[in-house]
There are 2 protein chains.
Amino acid sequence: MINLFRYNWMVRDEWFELCKQISSEELLRNRIGGVGSILYTLFHIVDVENSWIRGIQGKPDIQVQFDNYKSIQQVRELSDSWRTEIQLFLETWKNDFEHEIVIVSWTEGRYTKGEILRHVIAHEIHHMGQLSIWVRDLGLQPVSANVIGRGLF
Amino acid sequence: MINLFRYNWMVRDEWFELCKQISSEELLRNRIGGVGSILYTLFHIVDVENSWIRGIQGKPDIQVQFDNYKSIQQVRELSDSWRTEIQLFLETWKNDFEHEIVIVSWTEGRYTKGEILRHVIAHEIHHMGQLSIWVRDLGLQPVSANVIGRGLF
């Protein structure tokens with residue numbers, strides 16, 4: 001399963017690079033659908049991944065405010081700052097964890113660790129699909145969503 | 001891994017249902033980004049999944065022409081007609097398959113079976129993200145992309 005996280009991180013970093021070409025105004029422009037803007041989408045996927053992976057580990061959530069991350073550079077630094085810890089945890093993943101129940105502060109739902117892991121993976125891919133439509137509208141070629149051909153396997 | 005296929009199939013069927021509310025003209029309208037239209041996106045993900053899963057099994061590709069599937073009902077029937085065979089195959093999946101190399105007719109690239117399986121999963125999620133933007137533009141609430149809360153685990 002960690003390979004799909006590695007895929008998401010590689011794609012995410014390519015999005016950060018691509019977004020350097022986009023003006024701050026366009027990055028923050030409110031758009032129809034998704035969570036509203038290109039930059040907020042990137043912030044959101046970083047935040048959601050960290051929250052759930054911490055939740056799986058029984059660690060308290062870290063609350064971050066988008067107001068403090070209004071540039072690609074800042075969102076990228078947030079993403080980088082959390083990745084090592086997430087990666088280290090995922091490298092210790094064992095099949096025994098799959099069916100363990102997780103309780104988190106932000107929802108009453110009770111989900112298994114395996115279910116949450118897949119939710120986090122799909123969540124990011126879904127939002128990157130949304131970005132691909134928005135940047136085409138800006139005349140840019142979106143980041144490839146291909147899993148094959150990335151040397152991940 | 002099969003759980004993420006089950007997720008995709010559930011989401012796909014919900015999209016087929018939702019699309020009943022959309023006129024044929026809007027379903028076929030050429031849009032910026034993605035593969036071009038809502039209906040062609042659904043046709044494309046069904047086609048790509050079947051091609052790769054057959055490729056993994058060493059079966060010849062089945063060529064289908066979008067010209068013959070110009071309604072939601074026809075694309076859904078195509079999706080349904082292939083699903084049982086795909087599901088039966090995925091239920092026999094063994095970890096030993098992960099690193100076996102696959103050769104297919106439509107690309108010179110050589111990928112492992114595990115890599116292709118994840119590619120097919122991500123491919124569909126990515127395209128469904130694109131649909132979610134397009135249908136919001138039509139004033140509709142898109143299908144939820146949540147993996148959690150679907151009773152899949």
Need pairs with beta-carbon distance below 6 Å; first residue without any contact (Cβ under 8 Å) to a residue 24 or more places away in the chain and within region A:1-28, second of a type in the set (Val, Ile, Thr) and surrounded by fewer than 17 Cβ atoms within 10 Å (Cβ to Cβ); sequence gap 6+ or separate chains. none
Selected residue (only one of B:GLN130, B:GLN141 is at pLDDT 95 or above and open to solvent by less than 40 Å² (accessible area, probe 1.4 Å)): B:GLN130
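Being modelled with pLDDT of 95 or more and of a type outside the set (Phe, Trp, Tyr): is that true of A:ASN146 here?
Values: modelled with pLDDT of 95 or more: yes; of a type outside the set (Phe, Trp, Tyr): yes.
Yes; evaluated as a whole, the condition is true for this residue.
Yes/no per residue for (1) out of contact with any Leu (no Cβ under 6 Å at 6 or more places or on another chain); (2) open to solvent by less than 10 Å² (accessible area, probe 1.4 Å); (3) within 19 Å of A:HIS123 (Cα to Cα):
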site: B:LYS20; (1), (2), (3): yes, no, no
site: B:GLU25; (1), (2), (3): yes, no, no
site: B:ARG29; (1), (2), (3): yes, no, no
site: B:GLY36; (1), (2), (3): yes, yes, no
site: B:LEU39; (1), (2), (3): no, yes, no
site: B:PHE43; (1), (2), (3): yes, yes, no
site: B:VAL46; (1), (2), (3): no, yes, no
site: B:GLU49; (1), (2), (3): yes, yes, no
site: B:ASP61; (1), (2), (3): yes, no, no
Among (1) in contact with a Phe, Trp or Tyr (Cβ under 9 Å, 6 or more places away or on another chain); (2) within 14 Å of chain B (Cβ to nearest Cβ); (3) open to solvent by 70 Å² or more (accessible area, probe 1.4 Å), which single condition is A:GLN73 missing? (2)
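Among the candidates B:LEU117, B:LEU90, single out the residue that is more than 8 Å from chain A (Cβ to nearest Cβ), within 16 Å of the chain's Cα centre (by Cα) and crowded, with 20+ Cβ neighbours inside 10 Å. Can you show your working first?
Values: B:LEU90 fails: crowded, with 20+ Cβ neighbours inside 10 Å.
The match here is B:LEU117.
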Return the residues of region A:43-67 that are touching a residue at least 60 places away in the same chain (Cβ under 8 Å) and within 21 Å of A:CYS19 (Cα to Cα); say none if nothing qualifies. A:HIS44, A:ILE45, A:VAL48, A:GLU49
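Are there any helices (runs of 4 or more DSSP H) wholly within region A:1-118 with 1 or more residues that are touching a strand residue (DSSP E or B) at 6+ places or on another chain (Cβ under 7 Å), hydrophobic (A, V, I, L, M, F, W, C) and under 23 Å from B:GLY149 (Cβ atoms), and if so which?
Numbers: elements: A:2-19, A:24-28, A:38-56, A:72-91.
Result: A:38-56.
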Going through region A:134-153 one residue at a time, which ones are assigned to a loop (DSSP other than H, G, I, E, B), within 8 Å of chain B (Cβ to nearest Cβ) and closer than 22 Å to A:ILE32 by Cβ? A:PRO142, A:ALA145
Scanning region B:124-133 residue by residue, those within 7 Å of chain A (Cβ to nearest Cβ) and either touching a Lys or Arg at 6+ places or on another chain (Cβ under 9 Å) or in contact (Cβ under 8 Å) with a residue 40 or more places away in the chain (or both) turn out to be B:ILE125, B:HIS127, B:MET128, B:GLN130, B:ILE133
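The values are calculated or read from the model by the stated rules, or taken from the named source; none is laboratory data. All values reported here derive from a predicted model rather than from experimental measurement. Don't worry about glycine lacking a Cβ; one is built from the backbone with ideal geometry, like all the others, and counts go over all protein chains shown. Ligands, DNA and RNA are stripped out before the accessible areas are found, and what is left, the full protein with its side chains, is counted by its heavy atoms. Shrake-Rupley method; radii C 1.70, N 1.55, O 1.52, S 1.80 Å.
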